[in-house]
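*Asks:* The following block contains the structure, expressed as C-alpha coordinates.
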Amino acid sequence: MIAEISAGLLAPRAATSPKYLYDALGSRLFEAICELPEYYPTRTEAAILAQYGAEIARAVGAGATLIDLGAGNCAKAASLFPLLHPAQYVAVDICYDFLRESLGRLQQRFPHIEMSGLGLDFSSRLELPGTVRADQRLFFYPGSSIGNFAPEQAIAFLRRLRANVCDDGALLIGIDLVKDSATLDAAYDDALGVTAAFNLNLLRHLNQLIGADFDVRQWRHRGFYDAAAQRVEMHLEARTDVEVRWPAGARRFACGERIHTEDSYKYTREGFVGLLGQAGFSAARTWTDPAQWFAVIHARA
Ligand code: AVI
(Lines give C-alpha, C1' and ligand atoms only; values in the text may rest on other atoms or scores of the structure.)
Protein backbone atom coordinates (compact mmCIF):
# COMPACT_ATOMS: atom_id res chain seq x y z
CA MET A 1 0.00 0.00 0.00
CA ILE A 2 2.80 2.44 0.89
CA ALA A 3 4.56 1.61 -2.39
CA GLU A 4 1.31 2.07 -4.35
CA ILE A 5 0.56 5.46 -2.77
CA SER A 6 4.17 6.66 -3.13
CA ALA A 7 4.27 5.69 -6.80
CA GLY A 8 1.03 7.58 -7.40
CA LEU A 9 2.26 10.71 -5.64
CA LEU A 10 5.58 10.64 -7.50
CA ALA A 11 4.06 10.09 -10.96
CA PRO A 12 4.39 13.03 -13.39
CA ARG A 13 0.61 13.47 -13.05
CA ALA A 14 0.13 12.67 -9.38
CA ALA A 15 -2.84 10.41 -8.64
CA THR A 16 -4.21 8.32 -5.80
CA SER A 17 -6.81 5.55 -5.78
CA PRO A 18 -10.32 6.70 -4.77
CA LYS A 19 -10.38 3.92 -2.15
CA TYR A 20 -8.21 6.14 0.07
CA LEU A 21 -11.08 8.64 0.34
CA TYR A 22 -12.73 6.23 2.78
CA ASP A 23 -11.28 6.27 6.26
CA ALA A 24 -13.85 6.47 9.08
CA LEU A 25 -14.27 10.26 8.62
CA GLY A 26 -14.31 9.93 4.82
CA SER A 27 -17.12 7.37 5.06
CA ARG A 28 -19.10 9.78 7.26
CA LEU A 29 -18.44 12.68 4.88
CA PHE A 30 -19.67 10.52 2.01
CA GLU A 31 -22.84 9.84 4.00
CA ALA A 32 -23.24 13.62 4.34
CA ILE A 33 -22.72 14.07 0.57
CA CYS A 34 -25.63 11.69 0.02
CA GLU A 35 -27.86 14.13 1.95
CA LEU A 36 -26.92 17.14 -0.21
CA PRO A 37 -29.52 18.64 -2.52
CA GLU A 38 -26.95 18.77 -5.34
CA TYR A 39 -25.97 15.09 -5.01
CA TYR A 40 -28.93 13.48 -6.81
CA PRO A 41 -27.66 9.85 -7.25
CA THR A 42 -28.56 8.56 -3.77
CA ARG A 43 -32.07 9.94 -3.60
CA THR A 44 -32.80 9.14 -7.25
CA GLU A 45 -31.69 5.54 -6.80
CA ALA A 46 -33.68 5.31 -3.55
CA ALA A 47 -36.77 6.61 -5.36
CA ILE A 48 -36.33 3.97 -8.11
CA LEU A 49 -35.94 1.22 -5.51
CA ALA A 50 -38.98 2.49 -3.59
CA GLN A 51 -41.17 2.78 -6.67
CA TYR A 52 -40.16 -0.48 -8.34
CA GLY A 53 -39.14 -2.50 -5.26
CA ALA A 54 -41.91 -5.07 -5.68
CA GLU A 55 -41.08 -5.60 -9.37
CA ILE A 56 -37.38 -5.84 -8.58
CA ALA A 57 -38.11 -8.38 -5.84
CA ARG A 58 -40.13 -10.48 -8.29
CA ALA A 59 -37.23 -10.42 -10.76
CA VAL A 60 -34.68 -11.30 -8.06
CA GLY A 61 -36.70 -13.91 -6.15
CA ALA A 62 -36.77 -14.56 -2.40
CA GLY A 63 -34.11 -16.36 -0.36
CA ALA A 64 -31.04 -14.92 -2.05
CA THR A 65 -27.58 -14.72 -0.60
CA LEU A 66 -27.33 -10.93 -0.71
CA ILE A 67 -23.73 -9.72 -1.02
CA ASP A 68 -23.60 -5.96 -0.51
CA LEU A 69 -20.45 -4.47 -2.02
CA GLY A 70 -19.32 -1.20 -0.42
CA ALA A 71 -22.06 -1.62 2.17
CA GLY A 72 -21.09 1.43 4.30
CA ASN A 73 -24.03 2.07 6.61
CA CYS A 74 -25.95 -0.89 5.04
CA ALA A 75 -29.02 1.36 4.68
CA LYS A 76 -29.73 0.66 1.00
CA ALA A 77 -29.67 -3.11 1.36
CA ALA A 78 -31.67 -2.88 4.60
CA SER A 79 -34.43 -0.98 2.79
CA LEU A 80 -34.77 -4.01 0.47
CA PHE A 81 -34.88 -6.69 3.19
CA PRO A 82 -38.67 -6.55 3.62
CA LEU A 83 -39.07 -7.09 -0.15
CA LEU A 84 -36.21 -9.43 -0.99
CA HIS A 85 -36.31 -11.61 2.15
CA PRO A 86 -32.65 -12.66 1.78
CA ALA A 87 -31.57 -15.91 3.43
CA GLN A 88 -28.14 -14.48 4.16
CA TYR A 89 -26.72 -10.94 4.12
CA VAL A 90 -23.00 -10.41 3.60
CA ALA A 91 -21.85 -6.79 3.95
CA VAL A 92 -18.47 -6.01 2.37
CA ASP A 93 -16.61 -2.75 2.82
CA ILE A 94 -13.01 -1.58 2.80
CA CYS A 95 -13.67 0.32 6.05
CA TYR A 96 -14.43 -2.48 8.53
CA ASP A 97 -14.78 -0.26 11.64
CA PHE A 98 -17.63 1.69 10.07
CA LEU A 99 -19.22 -1.51 8.76
CA ARG A 100 -19.11 -3.27 12.13
CA GLU A 101 -21.08 -0.48 13.81
CA SER A 102 -23.71 -0.44 11.04
CA LEU A 103 -24.05 -4.22 10.94
CA GLY A 104 -24.43 -4.50 14.71
CA ARG A 105 -27.42 -2.13 14.60
CA LEU A 106 -28.91 -3.92 11.59
CA GLN A 107 -28.69 -7.39 13.13
CA GLN A 108 -30.81 -6.12 16.06
CA ARG A 109 -33.49 -4.91 13.63
CA PHE A 110 -33.47 -8.13 11.56
CA PRO A 111 -32.50 -10.91 13.99
CA HIS A 112 -33.83 -13.67 11.69
CA ILE A 113 -31.41 -12.87 8.80
CA GLU A 114 -27.98 -14.51 9.00
CA MET A 115 -25.50 -11.62 8.69
CA SER A 116 -21.76 -11.26 8.40
CA GLY A 117 -19.33 -8.46 7.60
CA LEU A 118 -16.14 -8.57 5.54
CA GLY A 119 -13.46 -5.87 5.65
CA LEU A 120 -12.14 -6.30 2.14
CA ASP A 121 -10.71 -4.21 -0.69
CA PHE A 122 -12.91 -5.91 -3.27
CA SER A 123 -11.78 -3.51 -6.01
CA SER A 124 -8.70 -5.60 -6.78
CA ARG A 125 -9.73 -9.15 -5.78
CA LEU A 126 -12.77 -10.88 -4.47
CA GLU A 127 -12.36 -13.92 -2.29
CA LEU A 128 -15.47 -14.85 -0.39
CA PRO A 129 -15.06 -17.13 2.63
CA GLY A 130 -16.66 -20.59 2.65
CA THR A 131 -19.34 -19.31 5.06
CA VAL A 132 -20.96 -17.39 2.18
CA ARG A 133 -23.62 -19.64 0.62
CA ALA A 134 -22.94 -20.51 -3.00
CA ASP A 135 -26.55 -20.77 -4.16
CA GLN A 136 -28.62 -17.86 -5.41
CA ARG A 137 -25.89 -15.28 -4.89
CA LEU A 138 -27.06 -11.76 -5.62
CA PHE A 139 -24.35 -9.13 -5.76
CA PHE A 140 -25.77 -5.74 -4.81
CA TYR A 141 -23.62 -2.86 -6.02
CA PRO A 142 -25.68 0.32 -5.72
CA GLY A 143 -24.84 4.02 -5.82
CA SER A 144 -23.04 3.94 -9.17
CA SER A 145 -19.86 2.91 -7.38
CA ILE A 146 -18.92 1.03 -10.56
CA GLY A 147 -18.43 4.53 -12.02
CA ASN A 148 -15.29 4.92 -9.90
CA PHE A 149 -13.58 2.31 -12.10
CA ALA A 150 -12.35 3.14 -15.60
CA PRO A 151 -14.49 1.18 -18.12
CA GLU A 152 -11.83 -1.50 -18.75
CA GLN A 153 -11.40 -1.96 -14.97
CA ALA A 154 -15.19 -2.08 -14.65
CA ILE A 155 -15.35 -4.98 -17.11
CA ALA A 156 -12.62 -6.84 -15.20
CA PHE A 157 -14.49 -6.20 -11.95
CA LEU A 158 -17.81 -7.42 -13.41
CA ARG A 159 -16.03 -10.54 -14.70
CA ARG A 160 -14.82 -11.24 -11.15
CA LEU A 161 -18.40 -10.96 -9.91
CA ARG A 162 -19.57 -13.30 -12.67
CA ALA A 163 -16.88 -15.81 -11.67
CA ASN A 164 -18.21 -15.74 -8.09
CA VAL A 165 -21.79 -16.74 -8.91
CA CYS A 166 -23.30 -19.98 -10.18
CA ASP A 167 -25.84 -20.06 -13.01
CA ASP A 168 -28.59 -19.03 -10.57
CA GLY A 169 -26.64 -15.90 -9.54
CA ALA A 170 -27.29 -12.30 -10.47
CA LEU A 171 -26.27 -8.69 -10.02
CA LEU A 172 -28.39 -5.72 -8.96
CA ILE A 173 -26.46 -2.58 -9.80
CA GLY A 174 -27.02 1.19 -9.76
CA ILE A 175 -25.70 3.24 -12.68
CA ASP A 176 -25.40 7.01 -12.96
CA LEU A 177 -26.49 8.04 -16.45
CA VAL A 178 -24.96 10.70 -18.71
CA LYS A 179 -26.62 14.10 -18.22
CA ASP A 180 -26.01 17.85 -18.53
CA SER A 181 -22.71 19.25 -17.26
CA ALA A 182 -24.24 21.82 -14.89
CA THR A 183 -26.04 19.13 -12.87
CA LEU A 184 -22.88 17.04 -12.65
CA ASP A 185 -20.59 19.98 -11.81
CA ALA A 186 -22.88 20.98 -8.93
CA ALA A 187 -23.15 17.40 -7.65
CA TYR A 188 -19.37 17.14 -7.30
CA ASP A 189 -18.67 20.70 -6.12
CA ASP A 190 -21.53 21.50 -3.75
CA ALA A 191 -22.21 24.93 -2.25
CA LEU A 192 -21.68 23.78 1.33
CA GLY A 193 -18.23 22.36 0.60
CA VAL A 194 -18.97 18.84 1.87
CA THR A 195 -17.47 17.25 -1.26
CA ALA A 196 -14.45 19.54 -0.82
CA ALA A 197 -14.03 18.27 2.76
CA PHE A 198 -14.46 14.67 1.57
CA ASN A 199 -11.73 15.15 -1.04
CA LEU A 200 -9.37 17.10 1.27
CA ASN A 201 -9.77 14.49 4.02
CA LEU A 202 -7.85 12.15 1.71
CA LEU A 203 -4.70 14.13 2.61
CA ARG A 204 -5.24 13.51 6.33
CA HIS A 205 -5.76 9.83 5.55
CA LEU A 206 -2.51 9.75 3.50
CA ASN A 207 -0.70 11.37 6.44
CA GLN A 208 -1.85 8.46 8.58
CA LEU A 209 -1.23 5.75 6.01
CA ILE A 210 2.23 6.69 4.77
CA GLY A 211 3.40 9.19 7.40
CA ALA A 212 3.20 12.15 5.00
CA ASP A 213 3.06 15.79 6.16
CA PHE A 214 0.32 17.16 3.90
CA ASP A 215 -1.11 20.43 5.24
CA VAL A 216 -4.78 20.34 4.19
CA ARG A 217 -4.95 24.16 4.19
CA GLN A 218 -2.49 24.31 1.30
CA TRP A 219 -4.89 22.47 -1.04
CA ARG A 220 -8.24 23.13 -2.69
CA HIS A 221 -10.89 20.84 -4.13
CA ARG A 222 -11.66 20.68 -7.84
CA GLY A 223 -14.58 18.65 -9.19
CA PHE A 224 -15.91 18.95 -12.77
CA TYR A 225 -17.50 16.97 -15.61
CA ASP A 226 -15.52 16.12 -18.74
CA ALA A 227 -18.28 15.47 -21.29
CA ALA A 228 -15.92 13.98 -23.90
CA ALA A 229 -14.61 11.39 -21.43
CA GLN A 230 -18.08 10.90 -19.87
CA ARG A 231 -16.65 11.27 -16.39
CA VAL A 232 -16.48 13.61 -13.43
CA GLU A 233 -12.92 14.18 -12.25
CA MET A 234 -11.93 15.13 -8.73
CA HIS A 235 -8.54 16.67 -8.03
CA LEU A 236 -6.73 18.36 -5.17
CA GLU A 237 -4.95 21.49 -6.35
CA ALA A 238 -2.00 23.15 -4.58
CA ARG A 239 -2.96 26.68 -3.45
CA THR A 240 0.71 27.64 -3.30
CA ASP A 241 4.10 25.97 -3.90
CA VAL A 242 4.04 22.97 -1.58
CA GLU A 243 6.66 20.51 -0.43
CA VAL A 244 5.43 17.18 0.92
CA ARG A 245 7.61 14.60 2.66
CA TRP A 246 6.98 11.05 3.78
CA PRO A 247 9.45 8.32 4.87
CA ALA A 248 9.49 6.70 1.41
CA GLY A 249 9.68 9.92 -0.64
CA ALA A 250 9.22 13.64 -1.10
CA ARG A 251 7.72 15.86 -3.78
CA ARG A 252 7.36 19.53 -4.62
CA PHE A 253 4.05 20.62 -6.11
CA ALA A 254 4.00 23.96 -7.91
CA CYS A 255 1.07 26.29 -7.20
CA GLY A 256 -1.87 25.01 -9.30
CA GLU A 257 -0.47 21.49 -9.69
CA ARG A 258 -2.96 18.73 -8.97
CA ILE A 259 -3.36 15.29 -7.49
CA HIS A 260 -6.04 13.33 -9.35
CA THR A 261 -8.11 11.65 -6.64
CA GLU A 262 -11.21 10.18 -8.33
CA ASP A 263 -13.02 9.58 -11.60
CA SER A 264 -16.75 9.00 -11.66
CA TYR A 265 -17.82 7.60 -15.03
CA LYS A 266 -21.33 8.16 -16.32
CA TYR A 267 -22.93 5.71 -18.73
CA THR A 268 -25.72 5.51 -21.23
CA ARG A 269 -28.03 2.61 -20.53
CA GLU A 270 -26.96 0.90 -23.77
CA GLY A 271 -23.29 1.49 -23.02
CA PHE A 272 -23.52 -0.19 -19.65
CA VAL A 273 -25.57 -3.10 -20.93
CA GLY A 274 -22.74 -3.64 -23.44
CA LEU A 275 -20.24 -3.79 -20.56
CA LEU A 276 -22.38 -6.36 -18.75
CA GLY A 277 -22.47 -8.50 -21.88
CA GLN A 278 -18.68 -8.36 -22.21
CA ALA A 279 -18.40 -9.53 -18.59
CA GLY A 280 -20.66 -12.55 -19.19
CA PHE A 281 -23.90 -11.20 -17.71
CA SER A 282 -27.18 -10.91 -19.55
CA ALA A 283 -29.03 -7.68 -18.79
CA ALA A 284 -32.46 -8.77 -17.68
CA ARG A 285 -34.27 -5.59 -16.62
CA THR A 286 -33.62 -1.86 -16.18
CA TRP A 287 -35.59 0.57 -14.04
CA THR A 288 -35.05 4.33 -14.20
CA ASP A 289 -36.46 7.65 -12.91
CA PRO A 290 -38.62 9.98 -15.02
CA ALA A 291 -35.67 12.28 -15.86
CA GLN A 292 -33.52 9.24 -16.74
CA TRP A 293 -30.73 10.40 -14.46
CA PHE A 294 -30.08 7.02 -12.87
CA ALA A 295 -30.74 3.37 -13.64
CA VAL A 296 -31.04 0.21 -11.57
CA ILE A 297 -30.19 -2.90 -13.56
CA HIS A 298 -30.80 -6.55 -12.71
CA ALA A 299 -28.45 -8.75 -14.72
CA ARG A 300 -28.55 -12.53 -14.63
CA ALA A 301 -25.53 -14.80 -14.87
C1 AVI B 1 -19.01 6.34 -4.23
N2 AVI B 1 -19.10 7.01 -5.53
C3 AVI B 1 -20.09 6.38 -6.38
C4 AVI B 1 -19.29 8.46 -5.43
C5 AVI B 1 -19.43 9.05 -6.85
O6 AVI B 1 -20.42 9.74 -7.08
O7 AVI B 1 -18.57 8.80 -7.69
C8 AVI B 1 -18.15 9.12 -4.69
C9 AVI B 1 -18.24 10.61 -4.68
N10 AVI B 1 -17.28 11.42 -5.00
C11 AVI B 1 -17.68 12.65 -4.85
N12 AVI B 1 -18.92 12.67 -4.48
C13 AVI B 1 -19.31 11.39 -4.35
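The values are calculated or read from the model by the stated rules, or taken from the named source; none is laboratory data. Keep in mind that what you see is a predicted model, and the values were worked out from it rather than measured. Don't worry about glycine lacking a Cβ; one is built from the backbone with ideal geometry, like all the others, and counts go over all protein chains shown. Heads up: the accessible areas ignore ligands, DNA and RNA and are worked out on the full protein's heavy atoms, side chains in. Shrake-Rupley method; radii C 1.70, N 1.55, O 1.52, S 1.80 Å.
*Asks:* Need one number: nm distance between label points at residue 121 and residue 75, each 7 Å from Cα along Cα→Cβ, rounded to one decimal.
*Replies:* Placing both labels 7 Å along Cα→Cβ, they lie 2.8 nm apart.
*Asks:* Kindly state, as a whole number, the per residue volume in cubic angstrom of the convex hull around the alpha carbon atoms of the chain.
*Replies:* Working: hull volume 38.5 nm³, N = 301.
Each residue corresponds to 128 Å³ of Cα convex hull volume.
*Asks:* Cut-off under 20 Å on the C-alpha distance; same-chain residues fewer than 8 positions from residue 179 excluded. Which lysines are left, in chain and number order?
*Replies:* Within the straight-line cut-off, residue 179 pairs with 266.
*Asks:* Report, ordered by chain and residue number, the aspartates and glutamates lying within cross-link reach of residue 19, taken as a straight Cα distance under 17 Å and ignoring same-chain residues fewer than 8 apart.
*Replies:* Partners found: 4, 31, 68, 93, 97, 121, 233, 262, 263.
*Asks:* May I pose another question? Divide by every residue of the chain the summed helix terms, -39500 (n - 2.57) for each DSSP H run of at least 4, and state the resulting mean residue ellipticity at 222 nm, rounded to the nearest 500 deg cm²/dmol.
*Replies:* Numbers: 9 runs with 111 residues, N = 301.
Calculated from helices alone, the mean residue ellipticity at 222 nm is -11500 deg cm²/dmol.
*Asks:* Under the rule a/c < 1.5 gives rounded, and otherwise a/b versus b/c splits prolate from oblate, where does region 160-274 land using the Cα gyration tensor?
*Replies:* oblate
*Asks:* If I model region 1-57 as equal point scatterers sitting on the Cα atoms and use the Debye formula, what is log10 I(q)/I(0) at q = 0.14, 0.18, 0.27, 0.30 Å⁻¹?
*Replies:* At q = 0.14, 0.18, 0.27, 0.30 Å⁻¹ the computed log10 ratios are -0.63, -0.77, -1.00, -1.07.
*Asks:* A follow-up question, please. Does region 40-85 come out rounded, prolate or oblate by the C-alpha gyration tensor, with a ≥ b ≥ c the root eigenvalues, rounded set by a/c under 1.5 and, if not, prolate when a/b is larger than b/c and oblate if not?
*Replies:* Details: a/c = 2.25, a/b = 1.17, b/c = 1.93.
Oblate is the answer for region 40-85, as a/c is 1.5 or above yet b/c matches or exceeds a/b.
*Asks:* Among 217, 160, 231, which one shows the biggest mean-square fluctuation in a GNM of the chain, springs joining Cα atoms closer than 10 Å?
*Replies:* In the Gaussian network model the winner is 217.
*Asks:* Just the accessible area per residue of the chain, please: how many Å² with a 1.4 Å probe?
*Replies:* On the way: 13040 Å² over 301 residues.
The answer is 43 Å² per residue.
*Asks:* Of all GluC sites (Glu not before Pro) in region 1-92, which ones are in loop regions per DSSP and have a Cβ with at most 16 other Cβ atoms within 10 Å?
*Replies:* Values: sites: 4, 31, 35, 38, 45, 55; in loops: 35, 38.
Sites meeting the loop and neighbour criteria: 35.
*Asks:* For region 114-219, calculate the relative contact order in percent as a whole number, restricting contacts to Cα pairs under 8 Å that are 6 or more residues apart. Each step should come with its number before you reach the end.
*Replies:* Details: 73 pairs, mean separation 26.0, N = 106.
25 percent.
*Asks:* Shifting gears a bit: How much length, in nm to one decimal, is gained on full extension between residue 278 and residue 240, taken as 0.36 nm per residue of separation minus their Cα-Cα distance?
*Replies:* Values: separation 38, 0.36 × 38 = 13.68 nm, distance 4.50 nm.
Here the segment from residue 278 to residue 240 would lengthen by 9.2 nm.
*Asks:* With the chain treated as a Gaussian network of Cα nodes joined by springs under 10 Å, which of 247, 151, 82 yields the largest mean-square fluctuation?
*Replies:* Greatest mean-square fluctuation among the candidates belongs to 247.
*Asks:* From the square roots a ≥ b ≥ c of the eigenvalues of the alpha-carbon gyration tensor of region 167-234, which class results: rounded (a/c under 1.5), prolate (a/b over b/c), or oblate? Each step should come with its number before you reach the end.
*Replies:* Working: a/c = 2.76, a/b = 1.39, b/c = 1.98.
It comes out oblate by the Cα gyration axes.
*Asks:* Ignoring any ligand, DNA or RNA, what whole percent of the accessible area of region 182-259 comes from carbon and sulfur when the probe is 1.4 angstrom? Let's see the in-between values first.
*Replies:* Numbers: 1630 of 3580 Å².
Carbon and sulfur atoms account for 46 percent of the accessible area of region 182-259.
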